[in-house]
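Data first, discussion second: the structure below is written as structure tokens.
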Number of protein chains: 2
Amino acid sequence: MSADADLRAWLEARRTDIDGALERFLPSAPACPPRVGEAMRYSLFAGGKRLRPVLALASAEAAAAARGAAADSARALAMPVACALELIHTYSLVHDDLPAMDDDTLRRGRPTNHVVFGEGMAILAGDALLTEAFALIAREPQRGDDVADETVAVRKLRTLQIVADAAGPCGMVGGQAIDLEAAGTGRSVDGEGLRAMHARKTGALIRASALAGAVMAGADEAQLHAIQCYGDELGLAFQIVDDILDVEGASQDLGKTAGKDAAANKPTYPALYGLDASRAMAAACVERALEALRAKRLAGQLPAIAQWVIARTS
Amino acid sequence: MSADADLRAWLEARRTDIDGALERFLPSAPACPPRVGEAMRYSLFAGGKRLRPVLALASAEAAAAARGAAADSARALAMPVACALELIHTYSLVHDDLPAMDDDTLRRGRPTNHVVFGEGMAILAGDALLTEAFALIAREPQRGDDVADETVAVRKLRTLQIVADAAGPCGMVGGQAIDLEAAGTGRSVDGEGLRAMHARKTGALIRASALAGAVMAGADEAQLHAIQCYGDELGLAFQIVDDILDVEGASQDLGKTAGKDAAANKPTYPALYGLDASRAMAAACVERALEALRAKRLAGQLPAIAQWVIARTS
């Protein structure tokens, strides 16, 4: 099998695992009132790429493989945080689409959460997804196949902190706040400012996804450092490609409104550097991401995922 | 000193501790973008009662005292989660006040968060407060005076789960969702329904506050069970008194718009049972709360706090 076909088969298997785990981990009625549960599921099962959970599982596998441990035990340890990351990503989209924020009515080809459930319920569904993410990391897994319970507890706590720091005001929410303020004031943003905003807004959670899987699988500090570099470069590449797709892509492929950034006069990589230079920047990020992995002999699906991130069309 | 004067002195000392700890624990610029940090602090330092953190500290002291341990070590263990509970309570107020929810412009005598910072930033400030709460419990305390590090880790994880479950869709957010739906459909709510909604909306976090402090201080299962009963009764008493104050209180004392529930045709205890029966119900709750404590010889400030909750005028 080519690397590409291999990745595709692996991704399909992992996405099935992730969707099954999300279903299993999510609270349901009567403990969870039906309407808010419905609103949570509506956005969670809307055909996302599952990039963040996939990254967490791939880095767990890579960390395990580097010391000859089994991939499936490593994935089992990382699956709860993988799902938690998707809950957090989904909450951020739901809140981001609200009229008071980006005011988007289309997402992944369907009406946004607040269009279907109303603004109040969409706010609550986002709050619920975020809170449930932390409940999930604290609760699961209760133990690992070949890891002491105290070790699992310590890894969960560290993971929780990585994820919460990445999602909070010094990470993703902070990035959204900077973005919101810039849109309000119409101040122009330079390349440095754009990069700093995206490092928070999308980069922090992508980096945390790669790190969290590795922490749960017991990676050592040198491996974590390499995976952090990989995650940083991948996060930036992802955002540059997102900006390129917003210029080039058809709304149909993206499942969201294309050309929106330009229309909203938002700073983007193509606007600042042009399309060709932007493409070259994304490719250079991926090269550095791969180099960080090679230096610590980490592999598995991580290199192929980096290639996929820049080759994607949606 | 009378019990009342003793409580007042204790509360004053604890509130000073809590405000200092909140200041210390909150992220600041440049890691946290200034505007979102400002919006978080605006609602956090708006003169709240600090009931939830105070409860956490009181139950930590009570659990420690029951086995002859020192109050200050117990409080040090419980302080981070105490602060986290105030962050969560504050986030819930910020989101609850939004136009798409209760649409309130006055809170604790000041314009609500979205009136000052705009709706988008208020949503983000709430998201940030919630996320930071979990980051804080995962991070602090790093160790206890006389407790092994692994023990602290296990207690933090259990506390995290209690708090996240209480705040999430099966707890507080679920209660808000039920409330929002009821307001939208105009369906009438009976006594059972009202109690069930409030058990989630305010009860769950009050119960979690009492439990979290006791868990961090190392309470045993029998003590936790008693504190859970205490927390449940206290939560219900608190809500009944809140409803009574909404009928009786002046807006000035409350720092929020009085008579709002009746105007919005919201179900309340006085509306369903009358004022006298509501007062008797609150007093009966407190009686049962005190009984639960006595059965396990738990005391400290917990009994006085229960009395204060029904005697308060704001």
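No value in this document is a laboratory result; all are computed from the given coordinates. Computed from a predicted model, the values in this text were never measured in an experiment. Because the Cβ atoms are built from the backbone with ideal geometry, glycine has one as well, and the counts that use them run over all protein chains shown.
For A:Ala31, the point set 7 Å out from Cα toward Cβ sits 3.3 nm from its twins in the other copies, listed from shortest up.
Here is how the number arises for chain A: DSSP H runs of 4 or more residues each give -39500 (n - 2.57), the sum is divided by the residue count, and the result at 222 nm is -23500 deg cm²/dmol. Dipole orientation for chain B: of the candidates B:Leu302, B:Leu44, B:Tyr269, B:Leu302 has the Cα lying most toward the positive pole (charges on Cβ; Lys, Arg +1; Asp, Glu -1).
Between copies, A:Thr105 shows label-point distances of 2.9 nm, shortest first, with the point placed 7 angstrom from Cα along Cα to C-beta.
One decimal place: the segment B:Glu248-B:Arg312 gains 21.8 nm when fully extended, by the rule 0.36 nm per residue minus the C-alpha distance.
Label-to-label distance, A:Asp103 versus A:Asp190, with points set 7 angstrom from Cα along the beta-carbon direction: 3.1 nm.
Given the pairs B:Lys49/B:Lys201; A:Lys156/B:Lys296; A:Lys49/A:Lys296, which span a C-alpha to C-alpha distance of over 24 angstrom in this model? Cα-Cα > 24 Å for A:Lys156/B:Lys296; A:Lys49/A:Lys296; rest within. Prolate is the label for the stretch A:1-128, because the ratio a/c of its alpha-carbon gyration tensor axes (a ≥ b ≥ c) is 1.5 or higher and a/b is greater than b/c. Sorted shortest first, the distances from the B:Gly191 label point to those of the same residue in the other copies are 7.2 nm; each point sits 7 Å from Cα along Cα-to-Cβ. For the protein assembly as shown, the dipole from Cβ point charges (+1 on Lys and Arg, -1 on Asp and Glu) about the Cα centre works out to 560 debye, to the nearest 20.
The distance linking the stretch A:121-194 with the stretch B:293-307 is 37 Å (Cα centroid to Cα centroid, whole angstrom). Quick check for you: which residues of the stretch A:164-204 have the amide N under 20 Å from the point 7 Å beyond the Cα of A:Lys49 toward its beta carbon? Within reach of a label on A:Lys49: A:167, A:172-173, A:175-176, A:195-204. Rounded to the nearest 20 debye, the dipole size of the stretch A:3-309 about its Cα centre is 360 debye, using +1 on the Cβ of Lys and Arg and -1 on the Cβ of Asp and Glu.
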